[in-house]
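The values are calculated or read from the model by the stated rules, or taken from the named source; none is laboratory data. What you are looking at is a predicted structure, and each value in this text was computed from that prediction instead of being measured. For neighbour counting, all protein chains shown are included, and Cβ atoms are generated from backbone atoms with ideal geometry for every residue, glycine included.
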Amino acid sequence: MGGAELQRLFSTCPGGWPGIGLLLLRALVGFMLVAHGLAYLQDWSNSASLTLAASALAVASGFCLLSGFLTPIAGTIGVLVSLGFASSSFAAPALDLFDSKLVVVNVIVSSIAIALLGPGAFSLDALMFGPREIAIPHNLRSTKTK
């Protein structure tokens with residue numbers, strides 16, 4: 001039997017400049033998803049239930065990306081919601097941030113990058129599931145058997 005490997009949702013939590021880059025990327029995509037979802041939710045009386053569900057998913061995944069919580073899952077949901085809004089026949093809200101196909105492609109590619117790269121050091125994922133230091137007491141390090 002082989003050794004058990006630690007499984008987690010992301011590969012690394014880089015700090016420093018790469019961590020700041022991931023934070024900015026998450027903030028941009030998260031803000032776009034929250035703003036677009038809220039724009040659809042403003043006129044909820046004329047919306048179909050599928051539109052409301054997609055809008056709520058966009059807002060939820062946007063907030064998860066902003067805070068860095070369950071980042072790969074939130075990024076994947078962001079991709080799916082963006083594809084859904086781009087290819088659907090939903091009535092566009094008055095403030096439509098995704099009015100250009102180029103913006104939709106930007107959000108989709110950025111969400112995929114976030115889902116693949118992980119949250120970075122400045123996230124709730126890194127705080128809750130990030131690298132840990134295991135301290136081994138000195139008296140257990142050098143036990144000799146005779």
Tally up the residues in the stretch 114-123 that are surrounded by fewer than 23 Cβ atoms within 10 Å (Cβ to Cβ) and in contact with a helix residue (DSSP H, G or I) (Cβ under 7 Å, 6 or more places away or on another chain), please. 4
Counting only residues that are out of contact with any Ser or Thr (no Cβ under 6 Å at 6 or more places or on another chain) and part of a loop (DSSP other than H, G, I, E, B), which one in the stretch 64-79 is surrounded by the most Cβ atoms within 10 Å (Cβ to Cβ)? Leu70
The one condition Phe85 fails out of (1) modelled with pLDDT under 85; (2) buried (at least 18 other Cβ atoms within 10 Å of the Cβ); (3) farther than 15 Å from Ala58 by Cα is (3)
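Examine the stretch 133-146 for a residue that is in contact with a Cys (Cβ under 6 Å, 6 or more places away or on another chain) and either at pLDDT 70 or above or farther than 18 Å from Ser61 by Cβ (or both), and state whether such a residue exists. Working first, answer last.
To start, the set of residues in the stretch 133-146 that are in contact with a Cys (Cβ under 6 Å, 6 or more places away or on another chain) comprises none.
Scanning the stretch 133-146 turns up no residue that is in contact with a Cys (Cβ under 6 Å, 6 or more places away or on another chain) and either at pLDDT 70 or above or farther than 18 Å from Ser61 by Cβ (or both).
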Being over 21 Å from the mean Cα position of the chain (by Cα), surrounded by 15 or more Cβ atoms within 10 Å (Cβ to Cβ) and at pLDDT below 80, is that true of even one residue in the stretch 43-50? yes
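Every residue, every condition in (1) crowded, with 17+ Cβ neighbours inside 10 Å; (2) modelled with pLDDT of 85 or more; (3) not β-branched (Val, Ile, Thr), yes or no:
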residue: Met1; (1), (2), (3): no, no, yes
residue: Ala4; (1), (2), (3): no, no, yes
residue: Ile20; (1), (2), (3): no, yes, no
residue: Met32; (1), (2), (3): yes, yes, yes
residue: Tyr40; (1), (2), (3): yes, no, yes
Cβ pairs under 9 Å, 6+ apart, first in the stretch 80-98 and farther than 14 Å from Val34 by Cβ, second among the polar types (S, T, N, Q) and at pLDDT below 70: Phe90/Ser47; Ala91/Asn46; Ala91/Ser47
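Select from the stretch 91-122 the residues that are in a loop (DSSP other than H, G, I, E, B) and at pLDDT below 75 and list them in ascending order. Show your work before the answer.
Within the stretch 91-122, the first condition is being in a loop (DSSP other than H, G, I, E, B), and the residues that meet it are 91-100, 118-122.
Passing the criteria: Ala91, Ala92, Pro93, Ala94, Leu95, Asp96, Leu97, Phe98, Asp99, Ser100.
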